[in-house]
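> This is the structure, below, for whatever I ask next.
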Amino acid sequence: MTLPGNPSSPPEKPLGKRAPKPGAEVLRLAEKQRFLGLDLGTKTIGLALSDEGHRIATPYATIQRKKLKDDVAELNRIVAKEGVGALVLGLPVNMDGTEGPRCQAARAFARNLAPLVLVPLTYWDERLSTVAVQRMMVEADLSRARRAVLVDKLAASYILQAYLDWLQGQSISP
């Protein structure tokens, strides 16, 4: 697993375990492979796919979480079907940069998932992704029912797009 984060400056006084520093490692994919973004919730996993050029994230689906083996089977099915080369898991870091219970749960999920999926996994700081997506949907005048259906995969898309934007700013030598 690699640990890039958002290119934002950390607070001066850390209050607990720190989130990964930005730019720890760039994942390189083979030609025509895509990234799959994951927004992990307690009941669902929102998914988003990148294009093959790694420039645009698109909402893909929402998985209803069951047992880990079922979640892994569904993710591996999507990885094979869509030509996915790596997973980008949103890491719900606290606003002060520390890692709370939700972040620890996401890391535990990743530890359990990593040896069972067919591709590498990296994290991305997802601070305020769901809030931003919910605000966008309210501004678009979507009903509460429609927002509930879309929020997870849109949040995954928001997370993945942030990672792709960061990736474009990194110098990658062939």
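The values are calculated or read from the model by the stated rules, or taken from the named source; none is laboratory data. Keep in mind the model is a prediction, meaning the values are calculated, not measured. Here the Cβ is made from the backbone with ideal geometry for all residues, glycine too, and neighbour counts use every protein chain on show.
> Of these, Ala114, Ala108, which one is over 19 Å from Ala162 (Cα atoms), surrounded by fewer than 16 Cβ atoms within 10 Å (Cβ to Cβ), in contact with a strand residue (DSSP E or B) (Cβ under 7 Å, 6 or more places away or on another chain) and not charged (D, E, K, R)?
Step by step, each of Ala114, Ala108 is checked, and only Ala114 is over 19 Å from Ala162 (Cα atoms), surrounded by fewer than 16 Cβ atoms within 10 Å (Cβ to Cβ), in contact with a strand residue (DSSP E or B) (Cβ under 7 Å, 6 or more places away or on another chain) and not charged (D, E, K, R).
> Further question on the same structure: Just one of the numbered conditions (1) over 25 Å from Lys69 (Cα atoms); (2) at pLDDT below 90; (3) not acidic (Asp, Glu) is not true of Val149; which one?
Failed condition: (1).
> Would you confirm, using the coordinates I've provided, whether Leu75 is surrounded by 15 or more Cβ atoms within 10 Å (Cβ to Cβ) and closer than 12 Å to Leu118 by Cα?
For Leu75, the condition - surrounded by 15 or more Cβ atoms within 10 Å (Cβ to Cβ) and closer than 12 Å to Leu118 by Cα - is met.
> Anything in the stretch 77-111 that is free of Cβ contacts under 8 Å to residues at least 60 places away in the same chain, in contact with a Leu (Cβ under 6 Å, 6 or more places away or on another chain) and among the aliphatic types (A, V, I, L, M)? List them, or say none.
Passing the criteria: Val79, Val84, Ala86, Leu87, Leu89.
> I want to confirm something. Restricting to the stretch 152-174 and keeping residues that are hydroxyl-bearing (Ser, Thr, Tyr) and touching a helix residue (DSSP H, G or I) at 6+ places or on another chain (Cβ under 9 Å), which single residue is modelled with the lowest pLDDT?
Once the filter is applied, the top-ranked residue is Tyr158.
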